[in-house]
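The structure under discussion appears below in the form of structure tokens.
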Amino acid sequence: MTPELHPTQRAAALGTRGRARPTREAWVSAVLLLFVLGVLMWASLAPIELASRDELFEIPHGTWARRMAGEKLEILPDTIRLTLGINDVLLLRNADDVPQAFGPALVMPGQSFRLPFATASTYSFACSAHASGQLNVIVEPSPARGWETLRWRLRNLASRTG
């Protein structure tokens with residue numbers, strides 16, 4: 001058995017048209033939903049801008065010596081993904097004591113090698129920093145606004161955090 005409400009309490013609970021007023025939790029949920037939708041809309045439509053178009057990979061000091069000692073060492077990913085117009089310049093920094101070969105270039109100790117990409121494609125390079133001796137660079141086209149931009153942002157966020 002539910003207690004009977006006083007007529008003024010019933011009117012306050014039902015509002016002026018006989019409907020129940022939204023609770024505080026309903027308002028908070030609605031505002032939160034609008035906020036999330038706004039963030040997703042911004043993420044899908046705002047242009048992607050990074051501080052630099054360079055994607056840096058460093059060959060650490062001691063890599064060659066560790067490899068010559070028989071250590072199975074993977075210092076660079078087998079595949080590097082770049083995006084045209086966003087991060088389309090591969091920057092390799094050799095912090096090791098010996099020169100490292102990357103494609104036709106020989107990167108001396110303490111030097112860096114910048115390789116800009118102008119066409120979306122998959123590129124394969126000989127690379128002495130890899131145990132396999134090979135590095136693949138996948139250059140993807142710039143994402144279109146909307147879902148593609150949102151997917152790019154989410155994939156980029158996931159790759160940086162995981």
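The values are calculated or read from the model by the stated rules, or taken from the named source; none is laboratory data. This structure is a prediction, so every number in the text was calculated from the model and none was measured. Note that each Cβ is placed from the backbone with ideal geometry, even for glycine, and that neighbours are counted across all protein chains shown.
Based on what the data block shows, is Glu140 at pLDDT below 90, acidic (Asp, Glu) and over 30 Å from Val39 (Cα atoms)? In short, no.
Tell me, please, whether a residue that is in contact with a Pro (Cβ under 9 Å, 6 or more places away or on another chain), of a type outside the set (Val, Ile, Thr) and either surrounded by fewer than 15 Cβ atoms within 10 Å (Cβ to Cβ) or within 20 Å of Asp54 (Cα to Cα) (or both) can be found in segment 115-124. Don't jump to the end; show me each part of the working.
Start the filter on segment 115-124 by keeping residues that are in contact with a Pro (Cβ under 9 Å, 6 or more places away or on another chain), which leaves 120.
The next check asks that each one be of a type outside the set (Val, Ile, Thr); those that pass are 120.
Pick out the ones that are also either surrounded by fewer than 15 Cβ atoms within 10 Å (Cβ to Cβ) or within 20 Å of Asp54 (Cα to Cα) (or both) and you get 120.
For segment 115-124, residues in contact with a Pro (Cβ under 9 Å, 6 or more places away or on another chain), of a type outside the set (Val, Ile, Thr) and either surrounded by fewer than 15 Cβ atoms within 10 Å (Cβ to Cβ) or within 20 Å of Asp54 (Cα to Cα) (or both): present.
Suppose we keep only residues that are more than 24 Å from Ser159 (Cα to Cα) and in a loop (DSSP other than H, G, I, E, B) within segment 66-94. Which one would you say is nearest to the chain's Cα centre (by Cα)? Give the derivation first.
Kept after step one, since they are more than 24 Å from Ser159 (Cα to Cα), are these residues of segment 66-94: 66-71.
Add one more test, that the residue is in a loop (DSSP other than H, G, I, E, B), and what stays is 69-71.
Numbers: Ala69: 35, Gly70: 34, Glu71: 30 Å.
Result: Glu71.
Within segment 123-162, the set of residues being farther than 24 Å from Glu58 by Cα and β-branched (Val, Ile, Thr) comprises Thr149 only. Residues in segment 95-125 that are within 20 Å of Ala144 (Cα to Cα), outside any strand (DSSP E or B) and in contact with a strand residue (DSSP E or B) (Cβ under 8 Å, 6 or more places away or on another chain): 3 in all.
Only a single item in (1) more than 27 Å from Gly70 (Cβ to Cβ); (2) without any contact (Cβ under 8 Å) to a residue 40 or more places away in the chain; (3) surrounded by 13 or more Cβ atoms within 10 Å (Cβ to Cβ) is not met by Asn94, and it is number (1).
If the condition is being modelled with pLDDT of 65 or more, exposed (fewer than 10 other Cβ atoms within 10 Å of the Cβ) and part of a helix (DSSP H, G or I), then segment 1-30 contributes Arg24, Glu25.
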